[in-house]
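Please read the structure below before turning to the comments.
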Amino acid sequence: MINTKNFIPRLYQETILHTSTEKNTLVVLPTGTGKTASALLLAIHRLNKFPETKVLICTPTKPLSNQICQYLKDHTTLNSEEIILLTGAITPEKRELLWKNAKVIVATPQTIQEDLINSRISLENFSLLVVDEAHRSRLKYAHNIVTDFYLKQSKYPRVLGLTASPGDTKERIEEICNNLHIEAVEIRTEQDS
C-alpha cells in the first residue's frame, strides 16, 4: 500500500478526495491552500485501487513540474525513482524508456502531446490524469488533446483538474469542464473554513 508521509490532510481536502474518487473533478482553490495535496491524495487512492497502473500529472512549466515531483517524493511512500519529470529537453528515446519504468510521471502537456501523436507512448495503463493550471484548457491547448487521448486509451480513467483562477464567468468554467470532461466542481475560497 502507498501512503502519505509527513502530511495530514485537512477536512476540506478529504471532502474533495471523496468527490474526486467518484467523478472527474475540477478543484478550485486559492494559491497555497492545497491543490497539489488534492492531487497527491487522489493519486495514492488510484494507485492503491489499481496497483498495476500509473499516474500522469501535466503542468505547463518545468519549474512547476519540478516542484510537484519534489512534493510527491516528500509526501508519499512511493520510491523516489518511480516519480519522474519529463520535458522536451529529454530526447524522445530516453523519455520512452523513463516512461516504462515510472509510476508517477510529471510532464509538460506539450511533451506528452508530442509523444502521443507520434505513438511513442500509450495512456492505457494510467488510472489518473491530473491537469494542473486547468484554466489554460482552452481551444486546442495541449491539455485538451492529452485529455482526449487519455479518455480514449485508459482502462481506468479519472481526470482531476486543478486551478486557482478558473475564470470569472460561468461560460469560461463550463468551457474548462467540457474540454476536460469534468463532472463535478469543488470550489473553496479563503473565506471558507
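Structure notes:
- Of residues in segment 175-193 being modelled with pLDDT under 90, exposed (fewer than 14 other Cβ atoms within 10 Å of the Cβ) and not aliphatic (A, V, I, L, M), the one nearest to ARG10 (Cα to Cα): SER193
- Residues within segment 146-169 that are in contact with a strand residue (DSSP E or B) (Cβ under 9 Å, 6 or more places away or on another chain) and either of a type in the set (Gly, Ala, Ser) or surrounded by 20 or more Cβ atoms within 10 Å (Cβ to Cβ) (or both), tallied: 13
- Selected residue (only one of LEU97, LEU85 is open to solvent by 50 Å² or more (accessible area, probe 1.4 Å) and not basic (Lys, Arg)): LEU97
- A Cβ distance below 9 Å, combined with a sequence gap of six or more or placement on separate chains, defines the contacts here; from segment 175-186, residues that are under 12 Å from LYS23 (Cα atoms) reach residues that are of a type in the set (Lys, Arg) in the pairs ILE182/LYS23; GLU183/LYS23; ALA184/LYS23.
- Taken over segment 63-106, the criterion of being charged (D, E, K, R), closer than 19 Å to ASN125 by Cβ and outside any loop (DSSP other than H, G, I, E, B) is satisfied by GLU81, GLU82, ARG95, GLU96, LYS100.
- Of all residues in segment 115-145 being open to solvent by 10 Å² or more (accessible area, probe 1.4 Å) and small (Gly, Ala, Ser), the one that is farthest from the chain's Cα centre (by Cα): SER119
- If you go through segment 146-193 and keep only what is outside any loop (DSSP other than H, G, I, E, B), aliphatic (A, V, I, L, M) and under 14 Å from the mean Cα position of the chain (by Cα), you end up with VAL146, LEU151, VAL159, LEU160, LEU162, LEU180.
Results for (1) in contact (Cβ under 8 Å) with a residue 60 or more places away in the chain; (2) open to solvent by 10 Å² or more (accessible area, probe 1.4 Å), shown as yes or no for each residue.
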position	(1), (2)
LYS35	yes, yes
LEU40	no, no
THR53	yes, no
LEU56	yes, no
SER65	no, no
GLN70	no, yes
ALA89	no, yes
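The values are calculated or read from the model by the stated rules, or taken from the named source; none is laboratory data. Since we're looking at a predicted model, the values are computed, not measured. Virtual Cβ from ideal backbone geometry, glycine too; neighbours counted across all protein chains shown. Surface areas here come from the heavy atoms of the whole protein model, side chains and all, with no ligands, DNA or RNA. Shrake-Rupley method; radii C 1.70, N 1.55, O 1.52, S 1.80 Å.
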